[in-house]
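Q: Dropping a structure here in structure tokens format, bear with me for questions.
The values are calculated or read from the model by the stated rules, or taken from the named source; none is laboratory data. Keep in mind the model is a prediction, meaning the values are calculated, not measured. Cβ: placed from backbone, ideal geometry, glycine included. Neighbour counts: every protein chain shown. The protein model used for the area step is the full one, side chains on, heavy atoms only, and it has no ligands, DNA or RNA in it. Shrake-Rupley method; radii C 1.70, N 1.55, O 1.52, S 1.80 Å.
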Amino acid sequence: PMRSAQWTSAARQVAAGMRRMSTKRRRRRKVIDTRGKVNVGGIKPNGATKKFYTRAQIAQHGDEGWTVMLDGRRIITEDHHEFIVPNATVASAIAYEWDMQGEYLKPFLMPMMSLAATSIDFDRKDIITKLIRFMDTDSMCYRVDEPSALVRMQKKHWDPVLNYFRDEHGLEVLTTEGIAVMSQPAETKLKLAEFIEECDDFHLAILKSVSGIGRSIMLGIAAAHGKLTIKKAYNAANAERLYQIRKWGEVKGPFGHGIELEYPRVHLAAAINFRNMLHDDYFPEELYPLQSSAEGDTAAKSYVK
């Protein structure tokens, strides 16, 4: 009887905890908050949230930068931070992602929005610590000795990235054949850590994204430094996969190579374009004609289709 009572009590506690979690989850998933702002954390990642706006706008947010508005409602991040990006070019690209959504919102088709929101919400210190931890396991430093075609492909796509650090920064970057973990020189790791810590939050998000896709800290730093085109980043991040496809052919269909190839292509393109837009305040008005409306100190601009 005592054990039965204990189990009953435990079950009630678990049930109560689940109800609290469920209530908290429902609150968190409310898209329009009480202040009339759009919390992107309320949009379901599986594409099940129905589109609730008709147009996306960009608006200047005082002297801090630019934001995106949906039918006049400002966007905020999942952690309730104001969504602010440095210039109109970045804001317009993100607004375009919102404008291109169909009947249901698909967050996985908004990679630049995801990058920007991540850069605003993430724990900077935690991200830097995790990135630095993987310096000695950078995939570009671990080569195969056969087959010869893969050796050539790794050399073709990986050496230019490593040579950027060797030639332009005078760093000693070691490579090895096999999987035994080696350690890069202390001076090299110190400088790489310095590169990472020098990044502002937006460049750090780019570095993190590219490093994760390519399993390479040096690829991420090179991307954040503007040393990679989309094609070069894609080929470097997928050298081994591309070799397998060249050798055995591409598998079509839902269980084929499609997602494996397109996911890195989309997200690497977003990261490289995001980085370039951060360094170019040019707004392509002739490509995307704008309408302006003023409300107080804020001028809002929306696409005319």
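Q: Starting from region 61-79, take each residue that is in contact (Cβ under 8 Å) with a residue 40 or more places away in the chain and outside any loop (DSSP other than H, G, I, E, B) and list its partners that are of a type in the set (Lys, Arg) and surrounded by 16 or more Cβ atoms within 10 Å (Cβ to Cβ), counting only C-beta distances under 7 angstrom and pairs at least six apart or across chains.
A: Hits for this filter: 73/37; 76/37.
Q: Which one of 194, 177 is exposed (fewer than 11 other Cβ atoms within 10 Å of the Cβ) and either out of contact with any helix residue (DSSP H, G or I) (no Cβ under 9 Å at 6 or more places or on another chain) or on the phi < 0 side of the Ramachandran plot (or both)?
A: 194
Q: Of all residues in region 221-242, how many are closer than 13 Å to residue 264 by Cα and touching a residue at least 24 places away in the same chain (Cβ under 8 Å)?
A: 10
Q: Determine which member of the set 150, 162, 115 is open to solvent by less than 50 Å² (accessible area, probe 1.4 Å), under 30 Å from residue 67 (Cβ atoms) and in a helix (DSSP H, G or I).
A: After applying the criteria, what remains is 115.
Q: (1) buried (at least 18 other Cβ atoms within 10 Å of the Cβ); (2) at pLDDT below 95; (3) part of a helix (DSSP H, G or I); (4) not polar (S, T, N, Q): which one isn't true of residue 108, the others all being true?
A: Residue 108 satisfies all of (1) buried (at least 18 other Cβ atoms within 10 Å of the Cβ); (2) at pLDDT below 95; (3) part of a helix (DSSP H, G or I); (4) not polar (S, T, N, Q) except (1).
Q: Of the residues in region 56-74, how many are open to solvent by less than 10 Å² (accessible area, probe 1.4 Å) and in contact with a helix residue (DSSP H, G or I) (Cβ under 6 Å, 6 or more places away or on another chain)?
A: 3
Q: Turning to a different aspect of this structure: For region 122-135, which positions are open to solvent by 40 Å² or more (accessible area, probe 1.4 Å) and either not in a helix (DSSP H, G or I) or not hydrophobic (A, V, I, L, M, F, W, C) (or both)?
A: Those that are open to solvent by 40 Å² or more (accessible area, probe 1.4 Å) and either not in a helix (DSSP H, G or I) or not hydrophobic (A, V, I, L, M, F, W, C) (or both): 123, 124, 125, 126, 129, 130, 133, 134.
Q: Please name all residue pairs, on different chains or six or more residues apart, with Cβ atoms under 8 Å, provided the first residue is in region 137-150 and is over 18 Å from residue 219 (Cα atoms) and in contact (Cβ under 8 Å) with a residue 12 or more places away in the chain and the second residue is open to solvent by 70 Å² or more (accessible area, probe 1.4 Å) and of a type in the set (Lys, Arg).
A: 149/246; 149/247
Q: Here's something else I'd like to know. Does residue 205 satisfy the criteria of being under 17 Å from residue 133 (Cα atoms) and at pLDDT 95 or above?
A: Taking the combined requirement at face value, the residue satisfies it.
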